[in-house]
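The values are calculated or read from the model by the stated rules, or taken from the named source; none is laboratory data. Predicted model only: the values in this text are computed from it and were never measured. Note that we place each Cβ from the backbone using ideal geometry, even for glycine, and neighbour counts take in every protein chain shown.
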Amino acid sequence: MLEIRIHGRGGQGNVVAAYLLATAAIEQGRYAQAFPAFGAERRGAPVAAFVRMDSQVIRRRCQVKTPDFLIIQDPALLSVTGTLDGLRPDGGILVNAQDHPLLETLGHQSLMALPATELALEHIGKPLPNTALLAAFLCLTGILPLSALQTALAERFKGAVLKRNLALLEAAADTVQAGAWQEKVIHAST
């Protein structure tokens, strides 16, 4: 089973990202779960969402405590207690950032930074990094084809919004090395 924890702020599309990833997995015939964790939050407050996917029925219903991968939509959350907790030693961190001082202090060998907000502004006109981060994540790991995310997007969006998100997906996928994290997926699955 692969477990992914997504950290962001209210209003960034954190929960939507989790649902899109789970929908893409289900589209490919896998079992998946997606759910958020937040209390009486407001726009801008830290939010976490969780995704599990497996080839077997998933019976676990708790929050993801030891993720294989972290997707972080706001680099400022790197300094918030708990954000990096539990990440498996061979796990990967995908951060929405171009340059951020905290990236250099982490020293994590599997840290990938992607200017997802800038890409989103360019392609959809809004600072919503979720589609870009998911596309890059799928391209890095190879756990699902990009076509599965395209289908999930088409179930959620229509018309011009869908078209802009699909363009964003392609642009984000082109910015990372395809398959760079496949070894991590294999290790996580064993």
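A few remarks follow.
- Qualifying position, being in contact with a strand residue (DSSP E or B) (Cβ under 7 Å, 6 or more places away or on another chain), surrounded by 15 or more Cβ atoms within 10 Å (Cβ to Cβ), at pLDDT below 95 and not basic (Lys, Arg), among Ala116, Ala132, Ala136, Ala48: Ala48
- Test result for Asn165, touching a Phe, Trp or Tyr at 6+ places or on another chain (Cβ under 8 Å) and closer than 30 Å to Ala45 by Cβ: yes
- One residue stands out among those in region 29-45 that are more than 14 Å from Glu3 (Cβ to Cβ) and of a type in the set (A, V, I, L, M, F, W, C): the one that is modelled with the lowest pLDDT, which is Ala40.
- Neighbours by Cβ (under 6 Å, 6+ apart or cross-chain): first from region 1-23, in a helix (DSSP H, G or I) and at pLDDT below 95; second surrounded by fewer than 23 Cβ atoms within 10 Å (Cβ to Cβ) and not β-branched (Val, Ile, Thr): Val15/Pro36
- Scanning region 51-82 for residues that are buried (at least 19 other Cβ atoms within 10 Å of the Cβ) and among the polar types (S, T, N, Q) yields a single hit, Gln73.
- Subset of region 96-112 that is at pLDDT below 95 and touching a helix residue (DSSP H, G or I) at 6+ places or on another chain (Cβ under 6 Å) - its residue that is surrounded by the fewest Cβ atoms within 10 Å (Cβ to Cβ): Leu102
- Region 108-138, residues that are free of Cβ contacts under 8 Å to residues at least 60 places away in the same chain and either acidic (Asp, Glu) or closer than 21 Å to Met1 by Cβ (or both): Glu118, Glu122
- Residue within region 148-161 that is β-branched (Val, Ile, Thr) and modelled with pLDDT of 95 or more present: yes
- Remark: Tyr31 falls outside the filter, which requires a residue to be among the aromatic types (Phe, Trp, Tyr), within 12 Å of the chain's Cα centre (by Cα) and under 26 Å from Gly142 (Cβ atoms).
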